[in-house]
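Remarks on the structure that follows.
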Amino acid sequence: MFRALLMDLDDTLIKSSQVYDRALEFASYYLAAKNNLSLNEFFPIVKKKDTLIRKNFPTVHTRHSRILVYRHALDEIGAQYSLSDLPAAEDIYWEFFDENVSLYPGVVDALKKIHEAGVKTAVVSDGDLRGRIRKIEAVGLLPYIDQVFASEETIFEKPFSAIFTLALSKLNVKNTEALMIGNNYKNDIQGAQLVGIKAAIFNPEVDGHVEGHDPEVVADYEFNHYDQLPAIVVE
Ligand SMILES: [Mg+2]
């Protein structure tokens, strides 16, 4: 039995990928309407900037910044926008995301069982701490989560070891006593294994988003539905 369960958040507990593009468009619509821009012209620029920001800030949480995406897009299209539009667009983006994101089936039941068995539960996720906690709260998971660790706290994102070692030390467990679950072979599975934490890949039949494939990375466990997880963690 493991003493701690470390969990990736996006596309592991919640179906994030499905909502990102819709949120990006929703906030773009707000900015376009406010600044008399054509959404058909503006949104492709926003999408391009979103890709650029992710590429230009690898391994640090800046790559998740939506405020920079909108600033760069508005600048490129030459809009005379108010600075207050920028945080407003970012707020609209994340409010849309939090209202529309959903959990994978069985997450709550699995976490309840694991938590009741005395296993510590923690989210280990790239991005800012505020955003992580907001997402977890939005889907009603906060009662089953003991801790949240964000890459903002350790500068570098997964697979760098700092966020994993921070989680182990705060939860007061050894590497061999923890299990990491995630949807990304490189960031979640290899990242955990590099510090001696066993790792399980989540590969659901519906709405799956497994990424970061690497032939050299082999997960210690694989599960495709959350009803399989308590047995892996508790037994
Ligand atoms: Mg993920």
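No value in this document is a laboratory result; all are computed from the given coordinates. Bear in mind that the values here come from a model prediction, so they are computed numbers and not experimental data. Reconstructed Cβ throughout: ideal geometry from the backbone, glycine too, with neighbour counts over all protein chains shown.
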I'd like the projected area of the stretch 117-210, averaged over all directions, using the convex hull of its alpha carbons. Report it in nm² with one decimal.
6.3 nm²
Within the chain, what percent of beta bridges assigned by DSSP are antiparallel, to the nearest 5?
10 percent
With Cβ to Cβ distances under 14 Å as the rule, what net charge do the other residues near Asn35 carry (K, R +1; D, E -1)?
-2
Relative pair counts by distance (%), Cα atoms of the stretch 7-74, 10 Å bins
20, 48, 26, 6, 0
Based only on Cα atoms, what mean projected area does the convex hull of the stretch 134-179 have, in nm²?
3.8 nm²
Looking at the chain as a GNM with Cα springs under 10 Å, which of Asn100, Asn175, Asn40 has the largest mean-square fluctuation?
Asn40
What 222 nm value per residue comes from the helices of the chain, counting each DSSP H run with n ≥ 4 as -39,500 (n - 2.57) and dividing by all residues, nearest 500 deg cm²/dmol?
-13500 deg cm²/dmol
Determine, for Tyr185, Tyr81, the number of other Cβ atoms within 10 Å of each Cβ, and report the residues in order from fewest to most.
Tyr81, Tyr185
Around Thr59, what is the net charge, scoring Lys/Arg as +1 and Asp/Glu as -1 over all other residues with Cβ under 10 Å from its Cβ?
0
At what distance in angstrom do the alpha carbon centres of the stretch 191-235 and the stretch 40-66 lie from each other?
28 Å
Can you give me the Kirkwood hydrodynamic radius for the chain, using every pair of distinct Cα atoms, in Å to one decimal?
18.5 Å
On C-alpha positions alone, give me the angle between the axis of helix 162-171 and the longest principal axis of the chain, in degrees, nearest 10.
50 degrees
Exposure proxy ranking, count of Cβ atoms within 10 Å, fewest first, for Tyr226, Tyr104
Tyr104, Tyr226
Charges only on Cβ, +1 for Lys and Arg, -1 for Asp and Glu: so what's the dipole of the chain about the Cα centre, in debye to the nearest 20?
460 debye
Do any GluC sites (Glu not before Pro) in the stretch 157-224 lie in a DSSP loop with no more than 15 other beta carbon atoms within 10 Å, and if so, which?
Glu205, Glu216
Could you work out how much longer the chain between Ala231 and Thr176 gets when fully extended? Use 0.36 nm per residue separation minus the Cα distance between them, nm to one decimal.
18.1 nm
Rounded to the nearest 10, the angle in degrees between the Cα long axis of helix 129-138 and the longest principal axis of the Cα atoms of the chain comes to 80 degrees
Sticking with the crude label model, points 7 Å out along Cα→Cβ, report the distance from Thr59 to Leu194 in nm, one decimal please.
0.8 nm
What FRET efficiency, computed as 1/(1 + (r/R0)^6) with R0 = 22 Å and r the Cβ-Cβ distance, is obtained for Glu211 and Glu25, rounded to the nearest 0.05?
0.50
On a 31 Å Cα-Cα criterion, which of the cross-link pairs Lys48/Lys135; Lys48/Lys174; Lys47/Lys170 come out too long?
Lys48/Lys174; Lys47/Lys170
